[in-house]
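Beneath this line is the structure, given in structure tokens, with notes to follow.
The values are calculated or read from the model by the stated rules, or taken from the named source; none is laboratory data. Bear in mind the structure is a predicted one, so any value in this text is a computation, not a measurement. Cβ atoms come from the backbone with ideal geometry, glycine included; neighbour counts cover every protein chain shown. Protein only, heavy atoms only, side chains kept; ligands, DNA and RNA dropped before computing areas. Shrake-Rupley method; radii C 1.70, N 1.55, O 1.52, S 1.80 Å.
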Amino acid sequence: MSVLRSMLFVPGDSEKKLAKGASVGADALILDLEDAVAASRRPVAREMVHEYLRNADRSQSELWVRINPLDTADALRDVTAVARARPDGIALPKCDGPHHILKLSHYLDAMEIEHGIPQGSIAICAIATETAVAPFSLGQYKGAPRLRVLTWGAEDLAAALGASSNKDEHGEYTAPYVLARSLCLFGAHAAGVQPLDTVCPDFRNSARLQRECEDARRDGYLGKIAIHPDQVAVINAAFTPSAAEIEHAQAVIAAFAANPDAGALNLNGKMIDMPHLKQAERILALVSRAKA
Ligand code: COA
Ligand code: MG
């Protein structure tokens, strides 16, 4: 399964943005039926997203759909409107925990049978820090059906907490949001699914985006959400291993292969041991799993 370095949100009721989305180079588009669409526009957005799924070329970007939260009447309407056109996955906002994934998975089981879609083929991305209770479940996602991506959101969490802001006077996330980000990272790796960093809403600030990408990649995130086409190339580049990283990973692996009985080795004056070997193997796995 490929790594999704970039997932670009596209409002599901915007003909112009849907048309543009196809050519942006994101590993996936998330056609939105939730927060980027006014409630009055949802019926038309469902139809537009359904049509788009049926007709758009998927060779460059997977096509995902963000539905409304499961505790709203819109959720089931969204699923029934779009699942028949076989999206690659569903993004679930305000996900409280694995019980929400199970419920959505049951809906998808029924849709797949009804429409002759291979069982289990529609994946799930959980946006798993948007309610006050959600962070308490981040360690519980192992084995959740269909789950491929775990991500976090700071805007809805701030709203859920009645926070006046999620950033301090220097523009950095305050403690509750840093915690949510870290727990999401641990939870994704613990569950064996892909961790995806949250959006950088300051979409004209490419320096900030670059820094957020570097921080996320360094910590173990494998991709990031985009909300504007200009963010996609920056994100894709940041989450693609560089030639120097690949070369170093190959050198680490070669050093251990040449010394099969060694636990620790000297590589160019630096100690390398098992964690370095694991990291080198991860880098090379990323290269083979990334899209061309
Ligand atoms: N997907 C596809 N195309 C997009 C886009 C997106 N998310 N965001 C902007 N574009 C298009 C615009 O339509 C415009 O196209 P044009 O060159 O044909 O006119 C071009 O990219 C440049 O857009 P720009 O004028 O810089 O931005 P904007 O003011 O039109 O839009 C936002 C700014 C933030 C409203 C817009 O980027 C957006 O809707 N983002 C997604 C929001 C979302 O889905 N939020 C929910 C998840 S947090
Ligand atoms: Mg939201």
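Would you work out the relative contact order for the stretch 121-268, in percent, from Cα pairs under 8 angstrom that are 6 or more residues apart?
18
For the stretch 47-53, in order, what is each residue's ³J(HN,Hα) by Karplus, 6.51 cos²θ - 1.76 cosθ + 1.60 with θ = phi - 60°, in whole Hz (x at glycine and Pro)?
Result, rounded to whole Hz: 5, 5, 5, 4, 4, 4, 4.
Using alpha carbons only, how many degrees (0 to 90, rounded to 10) separate the axis of helix 175-191 from the longest principal axis of the chain?
Relative to the chain, helix 175-191 is tipped by roughly 80 degrees.
Please report, to two decimal places, log10 I(q)/I(0) for the stretch 6-238 at q = 0.07, 0.09 Å⁻¹ as given by the Debye formula with identical point scatterers on the Cα atoms and no solvent.
The calculated log intensity ratios at q = 0.07, 0.09 Å⁻¹ are -0.20, -0.34.
Largest first and to the nearest Å, give the Cα extent of the stretch 1-61 along each principal axis.
Here the spans come out as 35, 22, 20 Å, largest first.
Can you work out the accessible area per residue across the chain, with the rest of the protein chains kept in place, probe 1.4 Å, in square angstrom?
On the way: 13700 Å² over 292 residues.
Roughly 47 Å² per residue, with all protein chains present.
Can you work out the Karplus-derived ³J(HN,Hα) for every residue in the stretch 131-143? Use 6.51 cos²θ - 1.76 cosθ + 1.60 with θ = phi - 60°, whole Hz, and x for glycine or proline.
So the J values, rounded to whole Hz, are 10, 5, 7, 4, x, 6, 9, 5, x, 10, 8, 4, x.
Please report the orientation-averaged projected area of the stretch 163-261, defined via the convex hull of its C-alpha atoms, in nm².
8.8
If the only charges are +1 at each Lys and Arg Cβ and -1 at each Asp and Glu Cβ, what is the size of the charge dipole of the stretch 243-291 around the Cα centre, to the nearest 20 debye?
Dipole about the Cα centre, nearest 20: 240 debye.
Give me the Kirkwood hydrodynamic radius of the stretch 168-224 in Å, from all C-alpha pairs, to one decimal place?
On the way: mean 1/r = 0.0831 Å⁻¹.
Evaluated over the stretch 168-224, this radius sits at 12.0 Å.
Given H placed on each backbone N at 1.01 Å, which residues far from ALA123 in sequence or on other chains put an amide H within less than 5 Å of it?
Placed amide hydrogens put GLY89, ILE90 under 5 Å from ALA123.
Taking one equal scatterer on every alpha-carbon of the stretch 243-291, how large is log10 of I(q)/I(0) by Debye at q = 0.33 1/Å?
Results for the stretch 243-291 at q = 0.33 Å⁻¹ read -1.33.
Of ARG211, ARG148, ARG86, which is the most mobile in a GNM of the chain whose springs link Cα atoms less than 10 angstrom apart?
ARG211
Just for the chain, what percent of DSSP beta bridges are antiparallel, to the closest 5?
Antiparallel bridges make up about 10 percent of those DSSP assigns within the chain.
Treating cross-link reach as a plain straight distance, find the aspartates and glutamates whose alpha-carbon is under 19 Å from the alpha-carbon of LYS16, omitting any fewer than eight places away in the same chain.
Within the straight-line cut-off, LYS16 pairs with ASP32, GLU34, ASP35, GLU47, GLU51, ASP57, GLU62, ASP230.
Using amide H atoms built in the peptide plane, which far-off residues or other-chain residues are under 5 Å from ALA226 H to H?
MET7, LEU8, PHE9
Can you divide the C-alpha Rg of the stretch 51-151 by 2.2 N^0.38 Å and report the result to two decimal places?
1.04
Report the paramagnetic label zone for ILE117: residues of the stretch 49-64 whose backbone N is under 18 Å from a point 7 Å from Cα along the Cα-to-Cβ axis.
Residues passing the 18 Å test: 49-59, 61-64.
Taking the 0 to 90 degree range and rounding to the nearest ten, how far is the long axis of helix 274-289 tilted relative to the main principal axis of the chain, both from C-alpha atoms?
Orientation of helix 274-289: about 50 degrees from the principal axis.
Angle between the Cα long axis of helix 229-238 and the longest principal axis of the chain, 0 to 90 degrees, nearest 10?
It works out to around 30 degrees.
Which of ALA249, ILE272, ILE283 sits closest to the plus end of the dipole of the stretch 243-291, meaning its Cα is farthest towards the positive end, when Lys and Arg get +1 and Asp and Glu get -1 on the C-beta?
Value: ILE283.
How big is the dipole moment of the chain about its Cα centre under a simple scheme where the beta carbon of each Lys and Arg is +1, that of each Asp and Glu is -1, and everything else is neutral? Debye, nearest 20, please.
Charge dipole, the chain, about its Cα centre: 420 debye, nearest 20.
For SER206, what is the net charge nearby, where nearby means another residue's Cβ is under 14 Å from its Cβ and Lys, Arg count +1, Asp, Glu -1? Walk me through the numbers on the way to the answer.
Details: positive: ARG204, ARG208, ARG211, LYS224; negative: ASP202, GLU212, GLU214, ASP230.
That sum, taken over residues with Cβ under 14 Å, equals 0.
Which entries of LYS94/LYS224; LYS142/LYS167; LYS20/LYS142; LYS142/LYS224; LYS20/LYS103 have Cα-Cα distances beyond 26 Å here?
LYS142/LYS167; LYS20/LYS142; LYS20/LYS103
Wrap a convex hull around the Cα atoms of the stretch 207-260, take a quarter of its surface area, and give that in square nanometres. Mind showing how you got there, number by number?
Values: hull surface 17.6 nm².
Over all viewing directions, the stretch 207-260 projects a mean Cα-hull area of 4.4 nm².
For GLU62, enumerate residues with amide H under 5 Å from its amide H, sequence gap 5+ or separate chain, H modeled in the peptide plane.
Under 5 Å from the amide H of GLU62: ALA28, LEU29.
Hey, how many Å between the Cα centroid of the stretch 49-115 and the Cα centroid of the stretch 165-214?
Comparing the Cα centres of the stretch 49-115 and the stretch 165-214, I get a distance of 25 Å.
Residues with beta-carbon under 15 Å from that of VAL252, excluding VAL252: net charge, scoring Lys, Arg +1 and Asp, Glu -1?
So the surrounding residues net to -1.
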